[in-house]
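A.B. asks: Take a look at the following structure, please.
The values are calculated or read from the model by the stated rules, or taken from the named source; none is laboratory data. It should be emphasised that the depicted structure is a prediction, and the values quoted were computed from it without experimental measurement. Glycine also receives a Cβ, built like all others from the backbone with ideal geometry; neighbour counts cover every protein chain displayed.
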Amino acid sequence: MKNTTKEINKKSSKKVSEFLEKNNIHKKDFAQMIGVTLSYVYNIIDDSIPFSTRSTTIERIAAVMDIMPEDFEEYVIEEDPMPYNKNLDLIKAYIKKNKMSTVEFLKLFERKKRLKIVDMLRGKEPLPIDYCELKNIKDILNMEDDIFYELWKDIFVEYLEKGGFNRERNEDLLNEILTSCKKHFKNSKTDKCNIS
């Protein structure tokens with residue numbers, strides 16, 4: 001027997017409500033993490049009101065809950081699947097390696113940055129190319145320096161290529177840039193990332 005819309009809605013609302021309670025997450029914090037208003041969160045957990053069918057909202061909720069969006073019956077899969085991103089998988093692996101839940105990871109960032117991190121974790125926002133932003137993630141995840149450099153390098157090269165940079169024709173230039181960057185990463189004694 002197929003579930004009715006009301007039964008599906010109740011399951012999804014209950015799933016979110018139980019998650020918030022189990023993880024002791026204030027509804028206001030959750031609203032900021034998924035990019036909605038506080039009243040919208042109350043509507044999400046109220047099983048008498050239809051659960052969200054917006055793919056973006058469901059994907060953000062799923063990212064925070066560390067589940068697949070498909071776990072919500074209201075979710076409609078996008079036409080174009082997300083391309084594989086080994087760098088994002090590395091970050092997710094480090095979250096698990098540090099025995100953190102996604103929520104615990106998110107809470108280590110300023111409130112105003114959490115939505116961007118959620119979108120990054122669901123593959124809709126690029127990983128930061130900015131050294132200081134990425135270093136903040138590295139520090140939170142206790143990532144080794146050599147792995148951090150390789151992560152930054154991959155993101156940097158991908159950024160250049162998306163901008164039209166031909167890696168083969170510019171191989172010597174790229175190698176010079178990366179050699180200089182690696183020295184900087186290795187020899188940097190001051191942390192200008194903490195300067196306001």
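Rundown of residues vs (1) in contact with a helix residue (DSSP H, G or I) (Cβ under 9 Å, 6 or more places away or on another chain); (2) at pLDDT below 95, yes/no style:
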{"position": "57", "(1), (2)": "yes, yes"}
{"position": "93", "(1), (2)": "no, no"}
{"position": "99", "(1), (2)": "no, no"}
{"position": "107", "(1), (2)": "yes, yes"}
{"position": "110", "(1), (2)": "no, yes"}
{"position": "115", "(1), (2)": "yes, yes"}
{"position": "132", "(1), (2)": "yes, yes"}
{"position": "138", "(1), (2)": "yes, yes"}
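A.B. asks: Could you tell me how many of the residues in segment 171-184 are of a type in the set (Val, Ile, Thr) and surrounded by 13 or more Cβ atoms within 10 Å (Cβ to Cβ)?
C.D. replies: 1
A.B. asks: Tally the residues that are aliphatic (A, V, I, L, M) and over 27 Å from residue 27 (Cα atoms), restricting the search to segment 58-87.
C.D. replies: Within segment 58-87, the first condition is being aliphatic (A, V, I, L, M), and the residues that meet it are 58, 61-65, 67-68, 76-77, 82.
Still in the list and also over 27 Å from residue 27 (Cα atoms): 82.
Residues that pass the stated criteria total 1.
A.B. asks: Which condition number in (1) at pLDDT 90 or above; (2) more than 30 Å from residue 142 (Cα to Cα) is the one that residue 68 fails?
C.D. replies: (2)
A.B. asks: Can you give me the ranges of the helices (runs of 4 or more DSSP H) entirely in segment 102-196 with at least 1 residues that are touching a strand residue (DSSP E or B) at 6+ places or on another chain (Cβ under 6 Å), hydroxyl-bearing (Ser, Thr, Tyr) and under 30 Å from residue 24 (Cα atoms)?
C.D. replies: Values: elements: 102-106, 111-121, 131-140, 145-162, 171-187.
Qualifying helices (runs of 4 or more DSSP H): none found.
A.B. asks: Here's a check for you: in segment 9-63, which residue that is outside any loop (DSSP other than H, G, I, E, B) and of a type in the set (Phe, Trp, Tyr) is surrounded by the most Cβ atoms within 10 Å (Cβ to Cβ)?
C.D. replies: 30
A.B. asks: If you don't mind, there's one more thing I want to ask. Among the numbered criteria (1) touching an Asp or Glu at 6+ places or on another chain (Cβ under 9 Å); (2) at positive phi, which single criterion is violated by residue 117?
C.D. replies: Only one criterion is unmet by residue 117, namely (2).
A.B. asks: Can you tell me which residues in segment 15-57 are among the basic types (Lys, Arg) and either closer than 19 Å to residue 109 by Cβ or assigned by TED's automatic domain parsing to the domain that holds residue 121 (or both)?
C.D. replies: 27, 28
A.B. asks: Could you tell me whether residue 62 is touching a helix residue (DSSP H, G or I) at 6+ places or on another chain (Cβ under 6 Å), in contact (Cβ under 8 Å) with a residue 60 or more places away in the chain, outside the structural domain of residue 138 (by TED's automatic domain parsing) and under 30 Å from residue 138 (Cβ atoms)? Before the answer, list the steps.
C.D. replies: Working: touching a helix residue (DSSP H, G or I) at 6+ places or on another chain (Cβ under 6 Å): yes; in contact (Cβ under 8 Å) with a residue 60 or more places away in the chain: yes; outside the structural domain of residue 138 (by TED's automatic domain parsing): yes; under 30 Å from residue 138 (Cβ atoms): yes.
Judged against the criteria, residue 62 is a match.
A.B. asks: Ok, one more. Filter segment 64-80 down to the residues that are in contact with a Phe, Trp or Tyr (Cβ under 8 Å, 6 or more places away or on another chain) and part of a helix (DSSP H, G or I) and list them by number.
C.D. replies: Matches in segment 64-80: 64, 65, 69.
A.B. asks: Looking at this structure, is residue 168 over 24 Å from residue 16 (Cα atoms), loosely packed, with under 12 Cβ neighbours inside 10 Å and outside the structural domain of residue 20 (by TED's automatic domain parsing)?
C.D. replies: When the stated conditions are applied, residue 168 passes them.
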